[in-house]
Amino acid sequence: MTSSFDITRLNPWKRTRVGLVLLSCLACAAVFQPLRSGAVELRGSTVFLRAPWKVDLRSYYTNVFERWAEYYFTLTLAEDAGASLGGLTIQQTRGADWQFPFSPERTRAFLGQPRQGGAPVPVEASFDPSLRRFKLSFPEPIPPGNTITVMIKPWHNPAQADTYMFQVEAIPAGPNPIPSAVGSGTLRIYSIDRY
């Protein structure tokens with residue numbers, strides 16, 4: 001015995017609900033179109049389906065004026081991110097010293113966590129001192145499922161002890177990318193105890 005579903009046997013209200021559900025599914029299929037690169041396109045823009053949601057910031061030199069400082073920003077792309085990582089923006093949003101300089105040409109990126117020797121990743125960096133913002137791009141986008149660390153290098157740590165915060169945005173690889181806020185990295189800079 002075979003059975004089949006006959007929508008005409010439903011009352012008009014239930015038929016309307018079934019029709020709306022089917023129409024919604026078709027609309028989603030038309031709006032979210034996979035690009036050749038595996039990214040997801042929404043109305044002509046590339047988006048993350050599941051953007052990175054957390055950034056870790058580490059530095060192993062945390063006293064004022066230290067010249068060996070390196071700031072490591074680490075984030076992970078989910079397997080179902082929907083797009084590769086094409087770039088990042090990192091912007092200082094808090095801290096007593098708004099003048100300490102960076103050296104963008106010494107920026108590095110690699111897969112994995114700091115001090116674990118991951119494979120290097122090509123990265124291009126620029127820094128706007130008036131906005132206190134780094135723009136980073138990855139010529140070879142980072143595929144979903146990877147953890148990446150970017151190291152930015154100041155000429156020296158800030159001159160004043162304080163809690164410094166850096167807002168991070170992830171940029172999907174593809175046409176007309178829509179950035180996603182990842183979160184803030186927090187860095188505590190200490191004064192040198194002279195006693």
Residue under evaluation Leu35, criteria (1) surrounded by 13 or more Cβ atoms within 10 Å (Cβ to Cβ); (2) at pLDDT 95 or above, criterion not met: (2)
Counted residues, the stretch 73-102 - those being touching a residue at least 60 places away in the same chain (Cβ under 8 Å), among the hydrophobic types (A, V, I, L, M, F, W, C) and crowded, with 18+ Cβ neighbours inside 10 Å: 8
Selection count, the stretch 50-63, where residues are open to solvent by less than 10 Å² (accessible area, probe 1.4 Å) and part of a strand (DSSP E or B): 0
Selection within the stretch 103-114 - more than 19 Å from Lys54 (Cβ to Cβ) and either of a type in the set (Gly, Ala, Ser) or open to solvent by 50 Å² or more (accessible area, probe 1.4 Å) (or both): Ser103, Glu105, Arg106, Arg108
Those residues of the stretch 153-195 which are of a type in the set (A, V, I, L, M, F, W, C), over 14 Å from Gly87 (Cα atoms) and in a strand (DSSP E or B), in sequence order: Met165, Phe166, Leu187, Ile189
Filtered residues of the stretch 120-157 (kept if basic (Lys, Arg) and under 15 Å from Leu88 (Cβ atoms)): Arg132, Arg133, Lys135
Pick from the stretch 64-96, criterion in a loop (DSSP other than H, G, I, E, B) and under 19 Å from Phe138 (Cα atoms), ranking: nearest to the chain's Cα centre (by Cα): Leu77
The lone exception for Leu136 - which of (1) open to solvent by 60 Å² or more (accessible area, probe 1.4 Å); (2) not in a loop (DSSP other than H, G, I, E, B) it fails: (1)
Conditions (1) in contact with a Phe, Trp or Tyr (Cβ under 7 Å, 6 or more places away or on another chain); (2) under 16 Å from Gly112 (Cα atoms); number of the one not met by Thr74: (1)
Test: residue in the stretch 113-126 that is charged (D, E, K, R), at pLDDT below 95 and out of contact with any Lys or Arg (no Cβ under 7 Å at 6 or more places or on another chain): yes
Qualifying residue in the stretch 186-194 (condition: among the aromatic types (Phe, Trp, Tyr) and either open to solvent by less than 50 Å² (accessible area, probe 1.4 Å) or at pLDDT below 95 (or both)): no
Where Gly117 falls short, out of the listed (1) in contact with a strand residue (DSSP E or B) (Cβ under 7 Å, 6 or more places away or on another chain); (2) open to solvent by 60 Å² or more (accessible area, probe 1.4 Å): (1)
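The values are calculated or read from the model by the stated rules, or taken from the named source; none is laboratory data. From a predicted model like this one, the values you see are computed outputs, not experimental measurements. Note: ideal-geometry Cβ built from the backbone for every residue, glycine included; neighbour counts use all protein chains shown. Just so you know, the surface numbers come from the protein's heavy atoms only, side chains and all, with ligands and any DNA or RNA stripped out. Shrake-Rupley method; radii C 1.70, N 1.55, O 1.52, S 1.80 Å.
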